[in-house]
Structure formats: C-alpha cells, structure tokens
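The structure appears right after this line, and notes come after that.
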Amino acid sequence: MKTKSFTLFFIGILFLAINGCGIYSFTGASIPPHLKRIHIPNFQDKSSSGILTLKEDLTEELTTKIITQSSFELGTQQQADCRLEGSVVMYTNQPYIISQGQATGSNRITIRVSVVYRDLIKKETIWEQNFENWAEYSIGDRTAEQESLKEAVTKLSDDIFSKIVSNW
C-alpha cells in the first residue's frame, strides 16, 4: 500500500514537472484583451549613426518578434488597435577595454531607443520608455562589428517585446 501511494505521488510529480517544461509563450500575457492589431511604423533614426539600415533592422526584428511570439496581428494605421512608435536616439561605437595603457582591445556598440506604446481605442499612452543595450567586438574585425550591431538590435527588440507582454 505504501509503495502504491509513493508510486502515484511520484507519477504526479513527474507529470507536473514534464508539463511545466513546455515551450514558454507570451501569447497575450498582459496584453489588454481589446488590443488585437498593432501598427509598427518604421523607427526613426535621430542618432546620426550613419548606419543606413539601423532603423529598418530594428523595426523588422521587433515586428517579427511581436507577430510570431504574441497574440497580436499586424495592422495598418487605419485598422490598428494600438501603435508602437520608436526612435533611435543614440548610437555609439567606442573603445571599451583598455589594457594597462595599451591600445584598446575591443569596442562596444551601444544603442538607445525611445519607444511609445499607444492604445488607439482608448486614446491613451500605455507606456513611454527609453531602452538601451550593447554588444562588444574585437577591433579590426569588420564581421564581428556587424554581428555585434545585430546582437545589440536583437537585445533591444527582446527588451521592448518583454515590456509589451509583461507587467514590469
């Protein structure tokens, strides 16, 4: 009898553990139920970064993440229930690690964006916030520089997405 109870208890715990290890999804964690379609106009670049694709890359990365990982559908400006607007307000690519008076070993790309998330149905701002993230690369490695730029854009997209679908 004791063995049977233990076995049932163990199977129950195992079931809960396996069930809890499913794929984590943000399909509407804190998205208000009346918001179904989102409009995301291209981000602006007010940073004078000189990187022609920065605003498009950020807009595309964020749009893809929102559409594939949340309950939102993409909508035009006329059909949308909410709008996410953003501007790149700072871009730097500066030396980061200086080793004992020697030449720098790596650079850090830092990007800051200003984002406004608006409820178009209630005609109110849900939140307005600056986000900043970075990535490092070895000086002189052009491929690593491009990868670091992409990494910083991905980190920013993750941060903005998390703010949209969570309560923090």
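Quick notes
- Computed extension gain for VAL89 through HIS34, at 0.36 nm per residue and net of the alpha carbon distance, reaches 16.7 nm.
- The residues packed around VAL116, meaning those with a beta-carbon under 9 Å from its beta-carbon, carry a net charge of 0 if Lys and Arg are +1 and Asp and Glu are -1.
- Here the peptides 33-45, 131-143 are ranked by packing, the mean other Cβ count within 10 Å, and the order with the highest first is 33-45, 131-143.
- Database remark: amide H of MET90 closer than 5 angstrom to the amide H of ARG112 (H placed geometrically; neighbours at sequence offset of 5 or more, or on other chains; Pro and chain starts carry no H).
- Over all other residues within a Cβ to Cβ distance under 9 Å of LEU156, the charged ones net out to -2, with Lys and Arg as +1 and Asp and Glu as -1.
Read the figures in this text as sums done on the coordinates, not as results from a lab. This one's a predicted model, so the numbers in the text were calculated from it and none came from an experiment. Here the Cβ is made from the backbone with ideal geometry for all residues, glycine too, and neighbour counts use every protein chain on show.
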